[in-house]
Amino acid sequence: MADLQHSLISSDNQVRRKRRNDMDQDRLNSKRWKSTGLYSTQEPLDPSVRKLARAILRQAVRDMLMHPDSQSGKSDGWEKDAARWFFSDETDPGSLTWICEILQLQPWMLRQWLSVYYQSHHQKREIMLMELFRSLRPSMN
């Protein structure tokens with residue numbers, strides 16, 4: 001009977017050791033195989049991701065600077081959504097931070113650009129917009 005108990009205890013200890021070793025191996029593997037995120041910075045981005053990021057930023061700028069509907073004189077509210085987007089600290093795909101990371105821009109620079117834009121004269125605003133949109137075009141190389 002004592003031999004049977006000793007055998008069961010020994011077998012139970014072996015199972016525990018195996019589980020502990022498996023858990024340790026899983027921890028090592030999870031460190032080794034850590035995700036690089038939705039879009040890896042270690043691999044070149046697909047051109048369509050950059051194109052999407054530029055399009056989102058262009059539309060956000062348009063929405064932010066949109067004037068009230070000339071016929072009704074009322075705003076459609078897009079500029080408020082765009083303003084929240086520009087000044088958000090979110091990092092999810094589609095956020096300003098994500099866009100800037102993809103396009104290698106700094107969020108604070110775009111926010112500063114908006115501030116200068118709003119303080120500028122009408123003619124300077126037109127030039128600023130043209131320059132911004134020109135800079136967001138894909139490069140030809």
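Here are the numbers for the structure shown:
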read-out	value
Descending Cα extents along the principal axes, region 47-135, whole Å	38, 25, 23
Ascending count of other beta-carbon atoms within 10 Å, so fewest first, for VAL49, VAL116	VAL116, VAL49
Ranked list, fewest to most other Cβ atoms within 10 Å of each Cβ, for LEU136, LEU110	LEU136, LEU110
Local net charge near PRO138, Cβ-Cβ under 9 Å (Lys/Arg +1, Asp/Glu -1)	+4
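Bear in mind that the values in this text are calculations on the coordinates, not laboratory data. This one's a predicted model, so the numbers in the text were calculated from it and none came from an experiment. Cβ sites come from the backbone with ideal geometry, for glycine too, and all protein chains shown count toward neighbours.
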